[in-house]
Structures are given as structure tokens and as C-alpha cells.
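Here's the structure we're looking at; comments come further down.
The values are calculated or read from the model by the stated rules, or taken from the named source; none is laboratory data. All figures in this text were calculated on a predicted structure; none of them were measured in a lab. We place every Cβ from the backbone using ideal geometry, glycine too, and count neighbours over all the protein chains shown.
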Amino acid sequence: MGNLMGCFGLSATPDLLPEEILTPTSSGISVRNSSGKGYSSSKGYSESSSSGNSGFSFGDQLSFGETSPSGELLEKPNLRIFSFAELKNATKNFKTETLLGEGGFGRVYKGWIDEKANVYSKSGVKIAVAIKKLNSESMQGFEEWQSEVNFLGRLSHPNLVKLLGYCWEDKELLLVYEYLPKGSLENHLFRRNTSMEPLSWDRRMSIALGVARGLAFLHNSDKQVIYRDFKASNILLDVNYDAKISDFGLAKLGPSGGNSHVTTRVMGTFGYAAPEYVATGHLYVNSDVYGFGVVLLEMLTGCRAVDLNRPKGQQNLVEWTGPYLSNKKKLRIIMDARLEGQYSLKAAFELAQLTVKCLRVDHKARPNMKEAVQVLQKVEAVKVKKENRAHSGAANNKNSDNFRRSPYHPQHHDPRTRMESQSPQVR
Ligand SMILES: Nc1ncnc2c1ncn2[C@@H]1O[C@H](COP(=O)(O)OP(=O)(O)OP(=O)(O)O)[C@@H](O)[C@H]1O
Ligand SMILES: [Mg+2]
């Protein structure tokens, strides 16, 4: 694992942060300071420093090499530069039928691209990719795009989505990712009117463990990375339901110089953001642990973190279910009825205890992600004996009506749930 100082900056300048990076030059992009504004057409990145190849450089060849199981911080991102025409072609001109979803910063399409970038060594093999097309004109979108390229372009871990490349032409900013055929955890947990099978307990546990490993990797890399936007829609599932964290648009480098936190504009998603961060703009590594706790709670209950269509007093999942988590009998009441018969109460209770710890208001009292991984490994190992499956969780039936009936799950892009402080602080 390399030294992060040399990894996230684009030049040898040691204090360079991902936010302070790219600005266009006629030949490409060079380092700018945070006062730099605006952007225009560019065909690619160029190194701005005299530090030889210590900064970004992008090959034109896609690499689909194996990801190291423990993750690594690449010296250089190996990102392919796509032309807009190529991506337009890959998505049949961004045809509606290729639309996979829409987030706060743009639409995501499924496309097919040549496996090899080099025109001279075309394999003829097409691979499926997910192409995120950012809303043009949005400065915020541009910042997120930069952050995605800078973080995800260099981080490599089995539980992080692979960024394959990008396109920047005129006002068009696009990102190209590996395609994850099972979509987001959010879809599986909350879109109940589809033909999707409910996620089983075992799958939920393996997803929880996978994303916990991904976060642990981020938090324990040479220089910590705070992910900042942990939520069910940012957890994507591959064909085997292995979970991968996506969307590094809000990621930040962790505190340095002996500081315990970074101070930043409050951004993220209501219901998932840690209370200390929302209240003060102080972002700790453990602020991610809170968001992780919220997702655990969503997996246990099958309910959204925030649902304004639930009765008053139940709209905020953490507040509502808090009193039920520390008592085995009460816990049954709030468990997702679709998990009936699949889990041992002992395992569910252990998971609930971990959830409670992750959701502690005092960020210092939360476990770190390595500890969370250890607990989840234990929980995952508890298998329900076949004969117990029939009645384990049976109490759910009559008691969890509120949950199953939750009449409407608002789109999480509901502007009521996405937040951004009005504070003028620059992140
Ligand atoms: N690599 C991918 N493979 C398959 N589907 C994807 C991929 N990336 C995104 N999607 C789909 O596109 C949807 C939109 O993703 P996007 O990241 O833009 O928004 P979001 O995560 O839903 O919201 P937000 O903007 O708040 O992060 C996802 O929920 C998912 O269903
Ligand atoms: Mg997302």
C-alpha cells in the first residue's frame, strides 16, 4: 500500500486534497487551488508537476485484473478515457430503456463497451458497464465527479465498485463503472412491488459483512478516507449478491496533523448522517459508523431510515426502533417479517446490539469498522438449524404489520431526504 500523500494528490505537493485538483488547461487538466473555478473542454488529464510520474496518469487500456482481497491503494489509477461518442453509442444515445436509475447528480445507464480500449487490439468482446451521466452545469456535480475519479480511481478492494474510466468533453462529464447486475440494496429492501425475491437473512448478513470490510479498508488505509454517504442506495450487488460500496463523490480524506476530525460543509442524506456531523459540520471517521448502523437497522427491519408516510413518531427509524433493540422479545416485533424462520434470535440480537453501538450519539463510543467486521463474522457463522426455521421469528406475524404495511416508500431522491447545509463553508 503506497503513501497516500503521493496517491491522492495530482502533484508532489504534500497537502493537496482531492478537492483541490483538476482544472483545465488547453492540453488537459492541471492542479488548481481551491479558489479555481469553472471548467471547459478537455481531452484528458496531464501531469502538472515536475514530479515525473508521481501524479495521475491514465492509460488507455482497461485493466480487469483481480482485486487483491485485502484491497490496495494504487500508485496510479488505471482509468480509460472514453469519448462521448463512444458512450453515446454504448447506450443507444442514452435511450430510456437503458436507464438503470437516477441519483442526485445524474442518471445511470447500462451500456456495452469494447473490452479493450485500444483500437488496434480490439477483442471484439463487449462488456456491460454502468455509465453515470452527470447533470451538466452543476458545479456540485463537477466536484463529485472529481472526487469519484480521485478516490475510486485509486482505491481497489473487493467491496468497492470498480471505476473503469471517465469522459470529459465540453460540458459532458461521465463516469464508467463495472456493471453490477443485482442493483442496489435499496431496491432489494424497499421496492416491494417488483418480482424480486426478498433478500434472505444469510444474504443480508453477507452484504453487511462485505460493506463493513469495505469501510474498514477505507478507514484503515495509510491516510484515512471518510466515505460520508453510506446508505442502502450506494451499496450495489454483483451477480452473487456480493456487496460493493459505490459513489465516492462526497468522500474526504480523514483528519491529519493530530486533528480528530475534518470540518466541512454538511452534506449527505438525512436519516443516515451522524448527529455530530449534522450539528457541527465536524466529520469523524466514526461518522461513517453511524451510517453503517442505520443500514444495519434497515436490513433488520426492512424499513427505510426515513419515511414521511409512516405515522408520526415512526418516521425516523432510529428514533422509533431504539427502544426495541435492546430487548430480545421486543426485537422480534420490529424484525422484517420477510425474514421469518430464517434467523436465530441469538444472532439477530447480536446484530441489534452492534447496531445500537454503531448508533451511539457519542461518536467516540461507537465501535470501529474492524470491530464491526469481527462481530458480523460471528453473527454470520450462526446458522439456523433447519428444524428451527419453521418457528424462529414466528412472533413477527401479527406484530409487524406496521412494517409490512408501510404503505409507501418515497423515492430516496425525494429532496426532503437529501441534505446540504446552507453554510458557506467550502469543503
Ligand atoms: N455500477 C452500477 N451497476 C448497476 N446499477 C447501478 C450502478 N451504479 C448505479 N446503479 C443504479 O443506478 C441507481 C442510481 O445511482 P446513483 O448513484 O446515481 O444514485 P443513488 O445512489 O440512488 O443516489 P445518490 O445520488 O443520492 O447517491 C442506483 O440506485 C442503482 O440502481
Ligand atoms: Mg449512489
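Okay, here's what the table says:
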{"read-out": "Unique match (being more than 30 Å from D222 (Cβ to Cβ) and at pLDDT 95 or above) among V318, V278, V295", "value": "V318"}
{"read-out": "All positions within segment 218-237 that are away from ligand 2 (no atom under 16 Å from the Cβ) and either surrounded by fewer than 18 Cβ atoms within 10 Å (Cβ to Cβ) or of a type in the set (S, T, N, Q) (or both)", "value": "N220, S221, D222, K223, Q224"}
{"read-out": "Residue within segment 186-196 that is farther than 16 Å from V295 by Cα, more than 13 Å from ligand 2 (Cβ to nearest atom) and modelled with pLDDT of 95 or more present", "value": "no"}
{"read-out": "Of residues in segment 239-249 being more than 9 Å from ligand 1 (Cβ to nearest atom) and not in a strand (DSSP E or B), the one modelled with the lowest pLDDT", "value": "F248"}
{"read-out": "Test: residue in segment 93-104 that is modelled with pLDDT of 80 or more, within 16 Å of ligand 1 (Cβ to nearest atom), over 25 Å from the mean Cα position of the chain (by Cα) and not in a strand (DSSP E or B)", "value": "yes"}
{"read-out": "Segment 179-232, residues that are basic (K, R) and part of a loop (DSSP other than H, G, I, E, B)", "value": "K182, R191, R192, K223, R228, K231"}
{"read-out": "Filtered residue count, segment 127-178, keeping only those that are within 16 Å of N93 (Cα to Cα) and in a strand (DSSP E or B)", "value": "14"}
{"read-out": "Selection status of R204, among the charged types (D, E, K, R), modelled with pLDDT of 95 or more and away from ligand 1 (no atom under 13 Å from the Cβ)", "value": "yes"}
{"read-out": "Any helices (runs of 4 or more DSSP H) falling wholly within segment 299-381 and containing at least 2 residues that are surrounded by fewer than 16 Cβ atoms within 10 Å (Cβ to Cβ)", "value": "328-334, 345-358, 369-381"}
{"read-out": "Residue that is over 19 Å from L185 (Cα atoms), in the same structural domain as V225 (by TED's automatic domain parsing) and in contact (Cβ under 8 Å) with a residue 60 or more places away in the chain, where the choices are V379, V375, V289, V294", "value": "V379"}
{"read-out": "Cross-chain or 6+ apart pairs with Cβ under 7 Å, segment 97-110 first and polar (S, T, N, Q), then assigned to a strand (DSSP E or B) and away from ligand 2 (no atom under 12 Å from the Cβ)", "value": "T98/Y109; T98/K110; T98/G111"}
{"read-out": "Counted residues, segment 250-269 - those being within 16 Å of ligand 2 (Cβ to nearest atom), small (G, A, S) and modelled with pLDDT of 90 or more", "value": "1"}
{"read-out": "Unique match (being touching a strand residue (DSSP E or B) at 6+ places or on another chain (Cβ under 9 Å), free of Cβ contacts under 8 Å to residues at least 60 places away in the same chain and closer than 27 Å to K378 by Cβ) among L317, L283, L325", "value": "L317"}
{"read-out": "Enumeration of residues in segment 163-173 that are surrounded by fewer than 23 Cβ atoms within 10 Å (Cβ to Cβ) and either at pLDDT 95 or above or within 12 Å of ligand 1 (Cβ to nearest atom) (or both)", "value": "C167"}
{"read-out": "Residue in segment 277-291 that is in a loop (DSSP other than H, G, I, E, B) and away from ligand 2 (no atom under 16 Å from the Cβ) present", "value": "yes"}
